[in-house]
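Structure record follows, encoded as structure tokens.
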Amino acid sequence: MEEKAVEKKTAISHALSVHRRAAKLLHKINPRYFPVLTLHALVAALTPYLAVFFSAQILKELALMRRPEILWKWVAAGVLCTGAFAVLKALLYQRSETLTDDLYGRKEILFAQKMFSMDYADMDKQENHDLRSQIGQNENWASWGLMRTPDLYENGLQSMIGILSGVALTVSLFTSPVPQTAGRLVILNSPLFILALAAVLVLVSLFAGACNVRVIAYWGSAAGEATFGNRLFGFFGFIGLKKDRGTDIRMYNQQNLINAYWDKNMAFGAGGSIAKKARGPLGIFQGLGTGITAAITGFVYVFTCLKAWAGAFDVGSVTRYVGAVTAMAGSVYELTNLFGFLRTNAEYLDTTFEFLDIPNAMYQGSLTTEKRSDRQYEVEFRNVSFRYPGSKLWALKDVSLRFQIGRRLAIVGENGSGKTTFIKLLCRLYDPHEGQILLNGIDIRKYNYRDYMDIFSVVFQDFQLLSQPLGSNVAGSTVYDEERVRRALLDAGFGERLETLPDGLNTQLYKDFTEDGVEISGGEAQKIAIARALYKDAPFIILDEPTAALDPIAEAEIYSKFDGIAGDKTAIYISHRLSSCKFCDEIAVFHEGRIIQRGTHDELVADESGKYHELWTAQAQYYTEQSIEE
Ligand code: ADP
């Protein structure tokens with residue numbers, strides 16, 4: 001029992017502190033938001049009491065005093081005040097709505113920034129992807145999470161102001177005594193009676209609130225189904241518009257599979273699990289909560305009317321008390337609700353902060369790589385071994401290799417032999433589990449990461465261009481040296497195509513954002529990606545099979561041309577087409593995460609028992625002698 005109480009207390013104090021943190025975060029994103037919400041809550045809370053107060057005064061004048069000169073003043077003041085409050089409330093509401101939209105967008109940027117700045121190894125983990133999509137789903141499902149916080153703040157504030165104003169307006173309901181001449185009704189003066197009434201009011205409001213807390217908890221318990229339902233909707237709802245799925249859907253009638261799966265798993269449908277909850281316990285508790293609140297009003301009517309009947313106060317005050325107590329009971333009910341929401345939303349906020357708090361665990365050194373004009377950057381792998389997180393297999397095992405400055409190294413091997421992993425470690429997207437990678441004799445972990453990345457230009461297999469102008473894509477910036485961008489595109493073999501583009505370097509790539517965008521082929525995209533690497537002009541240039549969309553001859557052409565373009569840079573080429581790598585100074589053959597052979601093409605092909613010879617002869621069967629020999 002005691003434990004439960006402690007748990008409850010912790011849950012509430014945790015809920016409060018996690019919401020305080022969320023509010024601080026949102027306030028930092030947009031400092032104008034909470035002040036506007038506060039004002040809106042204040043005005044919205046006072047509005048009903050204002051109406052109650054003025055109608056009571058007017059009624060009093062009408063029924064008792066009957067002084068026209070005062071009456072019209074009350075009417076004018078009432079109209080002016082309630083009118084001014086209504087206008088102010090509407091203005092503040094508009095303002096808070098626009099600020100909410102603004103905050104929505106900015107909060108998304110916050111998540112995007114988190115993803116940009118995360119260690120690559122964390123970004124690569126499925127669990128972090130799940131966490132991020134979970135946050136999105138919770139928000140879609142019923143705005144759970146960060147954006148619930150302002151709502152709860154505003155409602156909480158409004159309820160508290162409401163309760164205080166209600167108390168101020170009703171103190172005299174309890175303190176005005178029934179005259180002694182009122183007979184048995186004098187009992188209404190007893191402090192016990194007053195205390196009992198106040199207790200009933202509070203208890204009933206609390207009970208109604210507790211019913212609603214159950215309702216909220218039911219909503220919370222449906223989160224799993226709702227999240228899955230949203231995920232399903234996100235995936236299947238738009239699948240018909242996905243360009244890369246269009247052909248398969250039409251060819252293999254995939255819509256049948258999709259429809260069947262969707263039908264069976266409709267979380268939000270009338271037969272779905274959420275609807276079942278809504279028809280059952282959810283509905284009962286919601287009904288109970290509302291019914292009890294209505295009962296309070298009746299209760300207050302009886303008490304107030306009895307006192308007025310006995311002569312404790314006039315008819316105007318009856319209106320005031322009934323109005324004020326009813327509004328106050330509503331506020332108590334809201335406040336109890338709020339605790340339910342706070343506790344449920346705290347769980348969603350925990351997920352949000354679990355994501356936002358993912359630490360940047362990768363050690364960051366402070367050494368600079370110094371900008372060397374002689375490009376004398378020497379990188380060495382020394383007995384490096386690496387396993388992907390959660391995998392038992394070594395993706396690289398005991399790899400040692402020193403890059404010769406200014407030379408061409410080819411890395412070849414079958415799929416899955418560790419070539420890309422080797423490049424990822426070289427770029428320090430992951431750190432080795434064993435061994436070291438050294439730059440000019442110093443462990444690369446000791447360098448400033450940004451500085452270290454600056455010495456590499458990599459074209460990855462799965463390179464990505466953005467739906468942005470061509471020039472910006474190549475330069476990685478909206479401000480760039482046009483001549484250098486043009487040169488890079490020419491060197492990458494994109495020159496002819498550039499001539500045909502309507503706006504030259506300003507041509508928008510792809511049609512995501514504008515109809516005028518240009519769709520480019522896979523091969524053209526690869527050339528742009530290569531131009532981007534050239535523009536960066538880093539001392540190391542690495543091509544990780546970026547030419548996969550090209551035919552073998554075009555690939556061989558690019559690679560041999562690249563030899564000239566790369567100039568004094570240290571270049572590393574990865575390809576599973578051995579013919580493309582013949583021109584390199586050295587070839588390293590990867591197999592099951594190890595380097596098993598090294599040498600020139602001629603040396604390696606001569607070793608008939610070696611892997612290279614095996615791969616070479618296997619590939620030779622696919623091409624005519626002519627294409628292999630260029
Ligand atoms: P290659 O580039 O030679 O085709 P990779 O370096 O991509 O090979 O892969 C080497 C091994 O590491 C393979 O067994 C592959 O399945 C595994 N691997 C690659 N990427 C990941 C990853 N992100 N998580 C787990 N295992 C991976």
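Every read-out reported here was derived from the displayed coordinates using simple, explicitly stated rules and does not represent laboratory data. Values in this document were obtained by computation on a predicted structure and should not be read as measured data. Here Cβ is always computed from backbone atoms with ideal geometry, including for glycine, and neighbour counts include all displayed protein chains.
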#### Entry: DSSP bridge pairs, the chain: antiparallel proportion in percent, nearest 5
45 percent
### Query
So how far, in whole Å, is the C-alpha centre of segment 367-429 from the one of segment 435-477?
13 Å
### Message
Over segment 315-447, what portion of Cα pair distances is larger than 25 Å, expressed as a whole percent?
### Response
56 percent
### Task
May I ask for the net charge around residue 146, where only other residues with Cβ less than 9 Å from the Cβ of residue 146 are counted and Lys, Arg are +1 while Asp, Glu are -1?
+1
### Message
Net charge within 11 Å of residue 387 by Cβ-Cβ distance, Lys/Arg positive one each and Asp/Glu negative one each, not counting residue 387 itself?
### Response
+1
### Query
Over the Cα atoms of segment 201-320, what Rg and Dmax result, in angstrom?
25.7, 86
### Message
Whole angstrom only: what separates the Cα centroid of segment 557-620 from the Cα centroid of segment 167-221?
### Response
87 Å
#### Entry: Computed helical MRE - 222 nm, the chain, DSSP H runs ≥ 4 contributing -39500 (n - 2.57), nearest 500
-20000 deg cm²/dmol
### Query
Can you run phi through the Karplus equation (6.51, -1.76, 1.60; θ = phi - 60°) for segment 501-508 and list ³J(HN,Hα) in whole Hz, with x for Gly and Pro?
6, x, 10, x, 5, 7, 5, 6
### Shape of segment 82-204, Cα gyration tensor, a/c cut at 1.5
prolate
### Summary
Once the dipole of the chain is set up from charges on Cβ (+1 Lys and Arg, -1 Asp and Glu), the residue from the list 352, 385, 110 lying farthest towards its positive end is 352
### Query
Among all the lysines, which ones have a C-alpha under 19 Å from residue 243's C-alpha, if same-chain residues fewer than 8 places away are not counted?
511
## Note on the structure
All alpha-carbon distances of segment 2-356, grouped into 10 Å bins from 0, give the whole-percent distribution 5, 17, 24, 23, 15, 9, 5, 2, 0, 0
### Summary
Expressed to two decimals, segment 465-537 has a Cα Rg over Rh, using the Kirkwood radius, of 0.92
### Query
With all pairs of different alpha carbon atoms counted, what Kirkwood hydrodynamic radius in Å does segment 24-142 show?
18.4 Å
### Query
Near residue 461, within a Cβ-to-Cβ distance under 12 Å, what is the net charge of the other residues, with Lys and Arg +1 and Asp and Glu -1?
-1
### Task
Could you work out the relative contact order of the chain, using alpha carbon pairs under 8 angstrom and six or more residues apart, expressed as a whole percent?
14 percent
### With 20 Å bins from 0: P(r) over the chain, alpha-carbon pairs, percent
14, 33, 26, 16, 9, 2, 0
### Message
Set the bar at 22 Å for Cα to Cα. Now go through 107/276; 419/611; 125/392; 569/611 and name every pair that lies beyond it.
### Response
107/276; 569/611
### Inter-part distance where segment 237-251 and segment 287-358 are each reduced to a Cα centre, Å
52 Å
### Message
If I require 18 Å or longer along the helix axis, counting alpha carbons, and a Kyte-Doolittle average no lower than 1.6, what helices from the chain are left? Use full DSSP H segments.
### Response
191-221
